[in-house]
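The values are calculated or read from the model by the stated rules, or taken from the named source; none is laboratory data. A quick note: this is a predicted structure, and the numbers were derived from the prediction, not measured. Methodologically, a virtual Cβ is constructed for each residue, glycine included, from the backbone with ideal geometry; neighbour enumeration extends over all protein chains shown. Side chains are part of the model used for accessible areas, which takes the heavy atoms of the whole protein and leaves out ligands, DNA and RNA. Shrake-Rupley method; radii C 1.70, N 1.55, O 1.52, S 1.80 Å.
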Amino acid sequence: MTCINRESPDLAYSVFERSQPINREIALTRLIPLRLLGIAFVSLLATACATGKINDVACPDSTAFRLPITLGQIGGDLTAATTRETVAGSYEDTIIRTLLAEPPRREVVPTEGAGHQIAVLSGGGQYGAYGAGFLNAWRQNAGKDIEFTIVTGVSTGALQSTLVFLGEDIDNADLVDAYSIEKETDVATERASIFGIPLTNSFYSLDPGRARIEEYITVERIQRVADASSQNRKLLVGIVDAREGIFYAFDLTALAASDMDEQIKRQCYVEALMASSAVPVIFPPIYLDGYQYFDGGVRASVFFDSTVAALRQAAESAITGDIYLVFNGYLEIQPKPDLENSLLATALRTKDIAFDQIDRYSVDSVLRLSDRYDVRWTRIRYPLCLKAKQSAPDEDVFNAPLMACLIEEGGKIGSSPNPWLMP
């Protein structure tokens with residue numbers, strides 16, 4: 001049992017030692033660890049109990065717009081017993097119906113192929129600046145006549161998806177503008193923390209980013225997405241139901257074409273994009289119509305491959321088209337020679353390694369579709385633009401110099417005669 005002398009609060013000693021002379025140096029060494037332990041306990045208790053404010057956005061019947069996706073099908077194919085009826089209402093069924101229909105045509109025939117044009121946009125956070133620069137430049141040159149039948153996006157790819165789907169000059173310019181920031185706090189703000197542990201449910205708030213997204217997702221643009229829906233075009237973003245752990249494609253074209261009130265629809269649309277980019281721990285989860293969502297990137301960096309097995313069952317003839325995969329990141333795991341031996345550093349490094357594995361699997365699953373489609377893809381060549389990050393060493397999540405460099409370098413590659421890689 002330990003007591004503290006009220007007259008001399010710096011001294012701690014055992015009740016069994018009261019009759020002994022007090023050694024002040026020994027007493028202090030006993031007390032200091034106790035104080036630190038107490039502070040640490042209170043801090044950990046506070047952070048363990050801390051939760052983020054829940055902002056549950058009303059989106060009536062939102063589950064009608066989310067389509068379950070089959071990822072990593074065991075056995076590699078849908079079983080022989082699987083029919084189109086068994087996947088009715090799923091992502092696969094939606095895509096099958098889109099691809100079996102006659103692809104929409106512009107007055108000018110696309111220059112890079114016939115049939116359906118499909119854009120697959122990956123996650124990658126700040127590295128989405130590369131895709132923005134690349135796509136803007138490509139669409140001013142070789143890709144100027146491409147109109148996408150289907151666009152799928154995850155995380156930062158979801159944030160890009162609406163502008164890529166619409167594809168007019170103003171959309172392409174705004175795509176670059178959206179990733180052109182002056183400082184990290186234009187998009188995300190760091191939360192208060194104790195010993196590096198946030199006092200709420202994430203390290204950063206994305207409130208500035210939400211306001212930025214709202215500038216580009218206007219009622220007029222949502223109406224244009226609705227008009228595209230009537231042409232049998234599809235815009236889908238990947239989200240994960242945090243409680244179920246299931247990956248869904250959220251159908252933004254169906255949402256845009258719904259008879260929901262315009263402002264509620266816009267709010268629902270923006271929150272679906274936020275849900276797709278809510279990286280767990282880094283950013284808070286998104287609550288939509290009572291459901292809790294994480295970034296789709298925790299299950300897949302890109303998605304399109306799960307349709308192919310079903311297509312082979314549904315279509316007697318081959319469906320032609322081109323897939324354009326934009327991978328917003330490096331496929332190499334970045335070395336970490338100065339990795340700290342701490343709980344937080346280990347957790348974050350584990351996240352990096354796990355996400356790299358998801359990236360590799362996801363990209364490979366799409367590149368394997370080259371037996372059915374003409375697949376073109378682009379990625380950031382490691383270590384492109386990494387030196388630029390050093391100009392703002394404290395900007396960890398959205399590094400403004402890095403993003404400016406990626407936009408510029410992506411633009412150079414996108415405007416080159418042969419910008420796409422082949423599998």
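Could you give each residue of region 281-290 its phi-based ³J(HN,Hα) in whole Hz, using Karplus coefficients 6.51, -1.76, 1.60 with θ = phi - 60°, and x for Gly or Pro?
6, 5, 10, x, x, 9, 9, 10, 6, x
Of the listed peptides 231-237, 407-413, what is their order by residue-averaged count of other C-beta atoms within 10 Å, with the highest listed first?
Numbers: 231-237: 23.6, 407-413: 20.0.
Output ranking for 231-237, 407-413: 231-237, 407-413.
May I ask you to order 367-380, 268-281 by the average number of other C-beta atoms within 10 Å around their residues, highest value first? Mind dumping the intermediate values first?
Details: 367-380: 18.4, 268-281: 24.0.
In descending order of packing, they fall as 268-281, 367-380.
Which of rounded, prolate or oblate describes region 327-423 when judged by the alpha-carbon gyration tensor and an a/c cut-off of 1.5? Don't jump to the answer; show the numbers that get you there.
Values: a/c = 3.32, a/b = 1.36, b/c = 2.44.
In terms of gyration-tensor shape, oblate.
Please check which bits of region 285-303 a label hung off Asn201 would reach, taking the label as a point 7 Å along Cα-to-C-beta and the cut-off as backbone N under 15 Å.
Those under the cut-off are 285-295.
At a 10 angstrom cut-off on C-beta neighbours, averaged per residue, how do the peptides 386-397, 290-301, 219-230, 325-336 rank from highest to lowest? Don't jump to the answer; show the numbers that get you there.
Values: 386-397: 14.2, 290-301: 23.6, 219-230: 16.2, 325-336: 18.9.
Answer by packing, highest mean first, reads 290-301, 325-336, 219-230, 386-397.
In whole Hz, what ³J(HN,Hα) sequence does region 227-243 give by Karplus (6.51, -1.76, 1.60; θ = phi - 60°), x for Gly and Pro?
Each residue's phi maps through the Karplus curve to give 4, 5, 4, 5, 8, 6, 9, 10, 10, 9, 10, x, 9, 10, 6, 4, 7 Hz.
Averaged per residue, what accessible area in Å² does region 270-419 show with a 1.4 Å probe, protein chains only?
Values: 6860 Å² over 150 residues.
Here the residues of region 270-419 average 46 Å² of exposed surface.
What is the spin-label model distance, in nm, from Arg381 to Asp289 if the labels are put 7 Å beyond Cα along the C-beta direction?
Here the answer is 4.5 nm between the modelled labels.
Over region 203-288, what is the relative contact order in whole percent, taking alpha-carbon pairs under 8 Å and six or more residues apart? Before the final figure, lay out each step's value.
Values: 94 pairs, mean separation 29.1, N = 86.
Over region 203-288, the number comes to 34 percent.
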